[in-house]
Amino acid sequence: QVQLVESGGGLVQPGGSLRLSCAASGSIFSINAMGWYRQAPGKERELVAVITSGGSTNYADSVKGRFTISRDNAKNTVYLQMNSLKPEDTAVYYCVADKADTDYWGQGTQVTVSS
C-alpha cells in the first residue's frame, strides 16, 4: 500500500501562485509515475501533470507554461508549482502514484482562485 498526503492548497487571487506538495509513504519501492489530477464542481476529473521515475513530464494543454511538476525521490515527494493562476484552475487537486499498474490516490486539496 502507498499512502499519499497532499498539502499547499488554499485561496489565491488570479495571477497568483501556489505550490502543492504530495508526500508518499508506505510501500513506496518501485513507484513509477506520479502526478496530479483535478476535479472542478460538475466536471470530470482531469489529468493536470505527470512525472515518471526517470523525470519525464507531461502536462495538460491548459496548464502548459504555467504549471511545473517536479519530484524529489529522496523525500518521496512530488510538487506542483502553479503560476499565473486563473479562476478556471479552481478545483480539488489530487495526487496519484502508479505502482505495479495500481493507482493510489491522496485525499485531495482545494485550490480556489478568486478575487
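Based on what the data block shows, is GLY54 of a type outside the set (Asp, Glu), open to solvent by less than 80 Å² (accessible area, probe 1.4 Å), part of a loop (DSSP other than H, G, I, E, B) and at positive phi? I'd like the intermediate steps shown before the answer.
Working: of a type outside the set (Asp, Glu): yes; open to solvent by less than 80 Å² (accessible area, probe 1.4 Å): yes; part of a loop (DSSP other than H, G, I, E, B): yes; at positive phi: no.
Against the criterion (of a type outside the set (Asp, Glu), open to solvent by less than 80 Å² (accessible area, probe 1.4 Å), part of a loop (DSSP other than H, G, I, E, B) and at positive phi), GLY54 does not qualify.
Take the conditions (1) modelled with pLDDT under 95; (2) assigned to a loop (DSSP other than H, G, I, E, B); (3) of a type in the set (A, V, I, L, M, F, W, C); (4) open to solvent by less than 40 Å² (accessible area, probe 1.4 Å); PHE29 misses just one of them, which is (4). Total residues in segment 15-26 satisfying the condition of being touching a residue at least 60 places away in the same chain (Cβ under 8 Å) and either open to solvent by 50 Å² or more (accessible area, probe 1.4 Å) or of a type in the set (A, V, I, L, M, F, W, C) (or both): the figure is 7.
The set of residues in segment 76-92 that are part of a loop (DSSP other than H, G, I, E, B), open to solvent by 50 Å² or more (accessible area, probe 1.4 Å) and more than 19 Å from GLN1 (Cβ to Cβ) comprises ASN83, SER84, LYS86.
Under the condition of being closer than 25 Å to GLN3 by Cβ and in contact with a Pro (Cβ under 9 Å, 6 or more places away or on another chain), the residues counted in segment 93-115 number 0.
In segment 65-75, which residues are under 14 Å from the mean Cα position of the chain (by Cα) and in a loop (DSSP other than H, G, I, E, B)?
ARG66, the sole residue that qualifies.
The values are calculated or read from the model by the stated rules, or taken from the named source; none is laboratory data. What you see is a predicted model, and the numbers here were worked out from it, not measured in a lab. For neighbour counting, all protein chains shown are included, and Cβ atoms are generated from backbone atoms with ideal geometry for every residue, glycine included. Calculation scope for accessible area: heavy atoms of the full protein, side chains included, ligands and nucleic acids excluded. Shrake-Rupley method; radii C 1.70, N 1.55, O 1.52, S 1.80 Å.
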